[in-house]
Amino acid sequence: MSANKILIVDDDSNIVELIRLYLEKDGFDTVTASNGKQALEKFSSDTPDLIVLDVMMPEMDGWQVCREIRKTSEVPIIMLTAKGETFDKVLGLELGADDYMVKPFETKELVARIKAVLRRFESKEPEPSKEIVYPHLSVNISNYELKIDGELVEIPPKELELLYFLASNPNRVYTREQLLEEVWGFDYFGDSRTVDVHIKRLREKLEHIDANWQLKTVWGVGYKFEVR
């Protein structure tokens, strides 16, 4: 397994050298830059695994560099600044920085923060797709979108959740009580007719769209998303 590569960006050569020595002693590869413009060039050419980025620099400040990098990459960024005001910290985090250290700082602490951020970043698993697709129908629970024939259709959240649950389990019959438990949660104490109302509204939206699937009532039992 190759070592993580860290891009160190600061116009103070002493700080750059100190961080570089500590990181290389810990087994990291390093790349350095002394201003914002150079940082973007090194980011493109060296593809670092993490960036230690000073805020106050010539050519282009750290805020601008962070903005530019976030347009194309989620690479972890730790901001360094001599300012300790809350505004600076909030601005950095809003721009997409992953951590923040105020100068002067202990280099050992910075190395520990780098390791912690890399662990967090590397443990992130891509979210599985939360979209169910049938002919002429797309139900996306990640961004709460219903599309019919590719067109967005306005839908209340609970209706979408109910449709997503049924469509995720095609041809399986659920009682009203099961649907209340699965979609509304254990803490829901409402009338089971709530399900009937939501199914009725869904049918109005989904009527006559495709003959291969439909929301079907199983009399005396409940409902299912039937796929032929």
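A few points about this structure:
- Any hit, the range 81-93, residues being at pLDDT 85 or above, charged (D, E, K, R) and more than 16 Å from the chain's Cα centre (by Cα): no
- Strands (runs of 3 or more DSSP E) wholly inside the range 95-168 containing at least 1 residues that are hydrophobic (A, V, I, L, M, F, W, C) and at pLDDT below 90: 99-102
- In the condition set (1) acidic (Asp, Glu); (2) within 29 Å of the chain's Cα centre (by Cα); (3) at pLDDT 95 or above, residue 54 is compliant with all but (3).
- The residue list 224, 158 contains one member that is in contact with a strand residue (DSSP E or B) (Cβ under 9 Å, 6 or more places away or on another chain), open to solvent by less than 80 Å² (accessible area, probe 1.4 Å) and not aromatic (Phe, Trp, Tyr), which is 224.
- Pair list, Cβ under 6 Å, 6 or more apart: the range 138-155 residue over 17 Å from residue 201 (Cα atoms), other residue in a loop (DSSP other than H, G, I, E, B): 141/130; 142/130; 149/136
- Flag if residue 33 is under 17 Å from residue 78 (Cβ atoms), of a type outside the set (D, E, K, R) and out of contact with any Ser or Thr (no Cβ under 6 Å at 6 or more places or on another chain): yes
The values are calculated or read from the model by the stated rules, or taken from the named source; none is laboratory data. Remember, predicted model here, so these are calculated numbers, not experimental data. No Cβ is skipped: glycine too gets one built from the backbone with ideal geometry, and neighbour counts run over all protein chains shown. Note: areas computed on protein heavy atoms with side chains; ligands, DNA, RNA excluded. Shrake-Rupley method; radii C 1.70, N 1.55, O 1.52, S 1.80 Å.
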